[in-house]
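Input: a single structure, listed below in structure tokens.
The values are calculated or read from the model by the stated rules, or taken from the named source; none is laboratory data. This one's a predicted model, so the numbers in the text were calculated from it and none came from an experiment. Heads up, the Cβs are rebuilt from the backbone with ideal geometry, glycines too, and the neighbour counts pull from every protein chain shown. All accessible areas refer to the heavy atoms of the entire protein, side chains included, with ligands and DNA or RNA removed. Shrake-Rupley method; radii C 1.70, N 1.55, O 1.52, S 1.80 Å.
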Amino acid sequence: MSEIQDQTAYKVVVNGEGQYSIWPVHRENALGWKDAGTQGSKEECLAYIKNVWTDLRPLSLRRRMAEKKL
């Protein structure tokens, strides 16, 4: 039995909180999400996210925590 391969082209999207996700290239972005500039297979996009999204806290939380350190 052969496994069906995902042939969908994906893009990396990011929201205002600096959170990343993948989205099919042929679909319009969900409200509040913009293109991050990377497209490819699901695996390629997830690898990109793994490399760039190293702090999973929302941007607003990171900013509040940084202000408290001052």
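Of all residue pairs spaced 6 or more apart or on separate chains, those with beta-carbon atoms under 6 Å, a first member in region 27-49 that is within 10 Å of ASN15 (Cβ to Cβ) and part of a loop (DSSP other than H, G, I, E, B) and a second member that is modelled with pLDDT of 95 or more and open to solvent by less than 40 Å² (accessible area, probe 1.4 Å) are ASN29/VAL13; GLY32/ASN15.
Number of residues in region 50-70 that are among the small types (Gly, Ala, Ser) and in contact (Cβ under 8 Å) with a residue 40 or more places away in the chain: the value is 1.
GLY32 meets all of the listed conditions (1) at negative phi; (2) open to solvent by less than 100 Å² (accessible area, probe 1.4 Å); (3) at pLDDT 95 or above but one, namely (1).
For region 7-19, the condition holds for at least one residue, the condition being that it is among the hydroxyl-bearing types (Ser, Thr, Tyr), open to solvent by less than 80 Å² (accessible area, probe 1.4 Å) and in contact with a Leu (Cβ under 9 Å, 6 or more places away or on another chain). On inspection, THR54 qualifies as part of a loop (DSSP other than H, G, I, E, B) and β-branched (Val, Ile, Thr).
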